[in-house]
Amino acid sequence: MQQNLNSHLSIKEVQKLYSNKIPFRELDLLMEFIIDKPFLNFITQDDEKIEPRKLKQLDNVVKRRVSGEPIAYIIGKKEFYSREFKVSKHTLIPRPESELFIDISKQIISKKENETFIFLDIGTGSGNLITTAYCEFKDNKNIISFLASDISQKALEIAKKNFKTHTHKDLKVFNSNLLKNERLIDYLIQQTNEVKNIIIFANLPYVDENLKDDLLKKEESRGLSFEPSSALWSSENGLWHYKQLINQIINLKTKLKDTTITALYEINDDQKEILEKFINATPYRNTVSYKDLSGKNRIIKHIY
Ligand SMILES: C[S@@+](CC[C@H](N)C(=O)[O-])C[C@H]1O[C@@H](n2cnc3c(N)ncnc32)[C@H](O)[C@@H]1O
C-alpha cells in the first residue's frame, strides 16, 4: 500500500485503494476525521486531491481499524440518541441498546406528572446517559438535579466535557465506588428533602468474567479488548456489581423512607432470571423487564 502514498491521490482513488479493506461507510468516517471535511464532500468532489501527508495518516488509521480497534476510539466520538459524544480509552463506547434507559425514563416521568425527580447515573462513563437525560428533560421543571458517578476519575473528566458541550452547564459528579462515597449519600439525603423520586441509571460492568478468554478470541468481539476492563467484566455470572449495588440501595432506602427509588439495570438476556431471583430474595421485589429492539431482555426496572 505504502508506495502509492507518496504522491497526491484523488478521493476516488483512495476509495478504490481501500475498497476491499474496510466498509465504505467506515472509510468515510476515517476520511472525515483525517481530512477534516464532511463526508458529503467526498461524494460531490471525488476528484479532489489528498496530499501524501494526509494519505499516510489515513493509511495508519485504516490499519488500526483493520486490526480490530473500534472506529469510535480512532475518531474519538460516537453517536448516542442522535447526539455526538466524545469517547476515550477510559470510557466504554455507548451502545445503541442503552438508549432504552431514556425511553423508559420518559414513561416513568409521564406517569407521575406532579412529582419531583433526581437522576443519578452510576458508572456514567462518557456521560452519555445523564447528558441525554438532561437534554431530553431540561424543560421539565419537576426534575431537580442530574448527578453522575464513576469509579474512574478519567471517565468522569470525559463525562463532564460531554455534559458541558451539550448543555452549557457543569455536571455534578462524584468519584465513587457504587454508593460508597459518603458525600454522594449526604448530597442525596439533602436533596430528597424536597424530592419524591430518584431514578438510578446503572449500566455497570455485566459481562461474565469467566467468558473473557473465549469472547476475546472471537472475531466479532475483538473490539472488547480495546475497551476499559473496569467497564466490562464482573464476577458471579456478570452480576457482582448489580448485587452490591442492590444491597447498597436497600441500605440507602432506610435513610430515604419517603422517597421512591427506581433503579434501571442493563443486563444480557440470559442474566434476567438470575438477577430476578436475587431481587426476589430481598424486601423489594417489584421489577419489570424491558426488551431491546432485537427482542432481548435488556433492562430491569426495580422499584424500592
Ligand atoms: C458498562 S460501562 C457504562 C458506561 C455508560 N454509562 C454507558 O451507558 O455507556 C460501566 C461504567 O461503570 C464504571 N464502574 C465500574 N465499576 C464501578 C464501581 N464499582 N463503581 C462505580 N462505577 C464503576 C466504569 O468505570 C464504566 O464507566
Give the residues of region 103-117 that are more than 12 Å from E266 (Cβ to Cβ) and either of a type in the set (S, T, Y) or within 20 Å of the chain's Cα centre (by Cα) (or both), sorted by residue number.
D103, S105, K106, S110, T116
Any residue in region 95-116 that is more than 17 Å from N203 (Cα to Cα) sitting within a Cβ distance under 6 Å of a residue that is among the charged types (D, E, K, R)? List the pairs, counting only those 6 or more apart or interchain.
E115/K196; T116/K196
Sort out which residues of region 64-75 are free of Cβ contacts under 8 Å to residues at least 40 places away in the same chain and surrounded by fewer than 13 Cβ atoms within 10 Å (Cβ to Cβ), and write them in order of number.
S67
Could you pull out the residue among D150, D103 that is surrounded by 20 or more Cβ atoms within 10 Å (Cβ to Cβ) and within 20 Å of I299 (Cα to Cα)?
D150
Please count how many residues of region 91-123 are closer than 23 Å to L188 by Cα and within 11 Å of the ligand (Cβ to nearest atom).
5
Residue ranges of helices (runs of 4 or more DSSP H) in region 144-240 with at least 3 members within 15 Å of the ligand (Cβ to nearest atom)
153-167, 182-191
D36 fails exactly one of (1) free of Cβ contacts under 8 Å to residues at least 40 places away in the same chain; (2) on the phi < 0 side of the Ramachandran plot; (3) within 27 Å of the chain's Cα centre (by Cα), namely (2)
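FYI, it's all coordinate maths here, none of it is from the lab. Predicted, not measured: the structure shown is a model, and the values here were computed from it. Glycine gets a Cβ as well: all are built from the backbone with ideal geometry, and neighbour counts include every protein chain shown.
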